[in-house]
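What follows is a set of notes on a single structure, which appears directly below.
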Amino acid sequence: MNIIKILIVSAMLFVVSGCGYNSGIRSEAAASYLYFTGEAEGVEVSIDNVPAFTVTKTGMANQYRITPGKHLIVITRDAQVIVKRELLIGDGHEKEIYIP
């Protein structure tokens with residue numbers, strides 16, 4: 001009789017403890033990063049012909065997030081194109097763009 005009670009209690013513990021298990025895969029959004037070096041302060045950067053933004057700080061510590069893939073980067077200073085480059089950047093990668 002004791003063995004039957006132990007088996008029933010053990011089975012109930014297995015059922016109850018199995019309900020708390022949560023499995024799944026967690027993935028973060030795909031992202032790549034650009035950062036600018038050289039004389040980059042004050043230049044305007046347009047990525048894929050969207051409205052430009054102004055670079056205020058340079059160096060690896062100041063990265064700009066973009067989606068992975070192929071992008072057209074156009075950098076201007078005083079309405080003159082300084083850099084026009086097509087980049088292919090992978091997920092999680094960082095790319096330095098030197099501005100003369």
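The values are calculated or read from the model by the stated rules, or taken from the named source; none is laboratory data. Worth saying up front: this structure is predicted, and the values here are computed from it rather than measured. Cβ: placed from backbone, ideal geometry, glycine included. Neighbour counts: every protein chain shown. With ligands, DNA and RNA removed, areas are computed over all heavy atoms of the protein, side chains included. Shrake-Rupley method; radii C 1.70, N 1.55, O 1.52, S 1.80 Å.
Provide LEU7, LEU88 ordered by accessible surface of protein heavy atoms (probe 1.4 Å), highest first. Before the final figure, lay out each step's value.
Values: LEU7 115, LEU88 150 Å².
From most exposed to least exposed: LEU88, LEU7.
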Rounded to two decimals, the Debye log10 I(q)/I(0) of segment 54-100 (Cα scatterers, no solvent) at q = 0.18, 0.20, 0.26, 0.29 Å⁻¹ is -0.63, -0.78, -1.20, -1.32
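For n ≥ 4 DSSP H runs only, could you compute -39500 (n - 2.57) per run for the chain, divide by its residues and tell me the 222 nm figure to the nearest 500? Can you show the working numbers first?
Values: 1 runs with 17 residues, N = 100.
Calculated at 222 nm, the ellipticity per residue is -5500 deg cm²/dmol.
Report the net charge of residues surrounding GLY42, where surrounding means a beta-carbon distance below 12 angstrom and charges are Lys +1, Arg +1, Asp -1, Glu -1.
Details: positive: LYS57, ARG77; negative: GLU39, GLU41, GLU44, ASP78.
So the surrounding residues net to -2.
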Within segment 71-100, the residues whose backbone N lies under 12 Å from a label point placed 7 Å from the Cα of THR58 along the Cα-to-Cβ direction are 97-100
Dividing the mean separation of Cα pairs under 8 Å (6+ apart) by the residue count of the chain yields a relative contact order in percent of 30
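Once R0 is set to 35 Å, what does the formula 1/(1 + (r/R0)^6) return for the Cβ-Cβ distance between ILE6 and ARG26, expressed as a FRET efficiency to the nearest 0.05? Working shown, then result.
Numbers: r = 38 Å, r/R0 = 1.10.
Approximately 0.35, to the nearest 0.05.
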Taking placed amide H atoms and a strict 5 Å upper bound, the residues 5 or more places from LYS95 or on another chain that come that close are TYR33, LEU34, TYR35
With all protein chains in place and a 1.4 Å probe, ARG65 shows an accessible area in Å² (nearest 10) of 150
Labelled set (i) 5.8; (ii) 10.0; (iii) 7.5; mean projected area of the Cα convex hull in nm² computed from this model equals the value at (ii)
